[in-house]
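K.L.:
One structure, pasted below without further comment.
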Amino acid sequence: MNDTKMHKTILKICVVAMMTAIVFVSNYLRITMPVPLGGVTAFTLANILCALSGILLGPWYGFLAAGLGSAFYDLTNPAYVMEAPITLVTKGLYGLLAGLVLYYLFKSGREKYGPQVAATAVAAVGYMINYSIKTFFYNGMAINSFTEAAQCWALVVSKIPATITNGLIAIIFAPILGVALMKALRAAHLERVLA
């Protein structure tokens, strides 16, 4: 491996580690509220950074940064520690979907706001679906031991307002940060950290 390729790889690993740490810290920026059927829901800024991971790093590195940062948060919070493997996948898919849409659907114009909004919107909808499935089966059936599907659906519905709000916030702010950071990285001649 030549020095240029090695330098690029090391730079990419450092940026993935930095984004993982930023996603981890962003999970602490949350407002947690109880839901009527048991459990909690949260308004959080972490979804912005999960989408941003995919926007900046592409699908696979975005998956790692978003998934690992969120899973590490779960491992440090007793209320969520059992969900860490699920979070690794669901939040990782947030970064993966954003990266896939931006880097494979929009071959040109990735630095523009429109393609980044589209990528974040697809990732947010994908996460809402994943989170609803997780809430139904894991939180409803496994944790709360609900025996009726109606009870599980009621739990899913009780979490929808926070889930939609988190998605909308990500759709607005992840592209704003993505456009600004892509321009800054290019101006600093660090575009090789981008996917």
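K.L.:
Region 84-98 to region 1-63: how many Å between their Cα centroids?
P.N.:
If you average the Cα positions of each part, the centres end up 9 Å apart.
K.L.:
A further question follows. Treating the chain as a set of equal point scatterers at the Cα positions, no solvent, please give the Debye-formula log₁₀ I(q)/I(0) at q = 0.08 Å⁻¹.
P.N.:
Log10 of I(q)/I(0), two decimals: -0.27.
K.L.:
Something else now. What FRET efficiency comes out for the pair Ala184/Ala142, r = Cβ-Cβ distance, R0 = 35 Å, nearest 0.05? If you can, show how the numbers build up before the last one.
P.N.:
Details: r = 44 Å, r/R0 = 1.25.
About 0.20, to the nearest 0.05.
K.L.:
Can you give the accessible area of Cys14 in Å² (nearest 10), computed on protein heavy atoms with a 1.4 Å probe?
P.N.:
Result for Cys14: roughly 80 Å² accessible.
K.L.:
Output the 0 to 90 degree angle, nearest 10, between the alpha-carbon long axis of helix 59-76 and the longest principal axis computed from the alpha carbons of the chain.
P.N.:
50 degrees
K.L.:
Any idea of Arg186's accessible area? Nearest 10 Å², probe 1.4 Å.
P.N.:
Accessible surface of Arg186 is approximately 90 Å².
K.L.:
Grab the other residues whose beta carbon is less than 14 angstrom from that of Leu45, score K and R as +1, D and E as -1, and report the net.
P.N.:
+2
K.L.:
Accessible surface of Lys12 in the full protein assembly, 1.4 angstrom probe, to the nearest 10 Å²?
P.N.:
The accessible area comes out at roughly 20 Å².
K.L.:
Over region 1-157, give the accessible area per residue in Å² for a 1.4 Å probe, as an integer.
P.N.:
With all protein chains present, region 1-157 gives 49 Å² per residue.
K.L.:
Could you tell me how many degrees, from 0 to 90 and to the nearest 10, lie between the Cα long axis of helix 3-26 and the main elongation axis, the longest principal axis, of the Cα atoms of the chain?
P.N.:
Compared with the principal axis, the helix lies near 30 degrees.
K.L.:
Under 29 Å between alpha carbons, and skipping anything fewer than 8 positions from Lys112 in its own chain: which lysines qualify?
P.N.:
Lys5, Lys8, Lys12, Lys91, Lys183
K.L.:
Test of understanding: express the Cα radius of gyration of region 1-97 as a ratio to 2.2 N^0.38 Å, with N the residue count.
P.N.:
It is 1.19.
K.L.:
Tell me, what % of the accessible area of the chain is carbon and sulfur with a 1.4 angstrom probe?
P.N.:
Percent of accessible area from carbon and sulfur atoms in the chain: 75.
K.L.:
Turning to a different aspect of this structure: Which is farthest toward the positive dipole end of region 1-124 among Gly109, Leu49, Met18, measuring Cα position about the Cα centre, with Cβ charges +1 (Lys, Arg) and -1 (Asp, Glu)?
P.N.:
Of the listed residues, the answer is Gly109.
The values are calculated or read from the model by the stated rules, or taken from the named source; none is laboratory data. Computed from a prediction, not measured in an experiment: that's the story for all the values here. For neighbour counting, all protein chains shown are included, and Cβ atoms are generated from backbone atoms with ideal geometry for every residue, glycine included. Please note that ligands, DNA and RNA were not included when accessible areas were found on the heavy atoms of the full protein model with its side chains. Shrake-Rupley method; radii C 1.70, N 1.55, O 1.52, S 1.80 Å.
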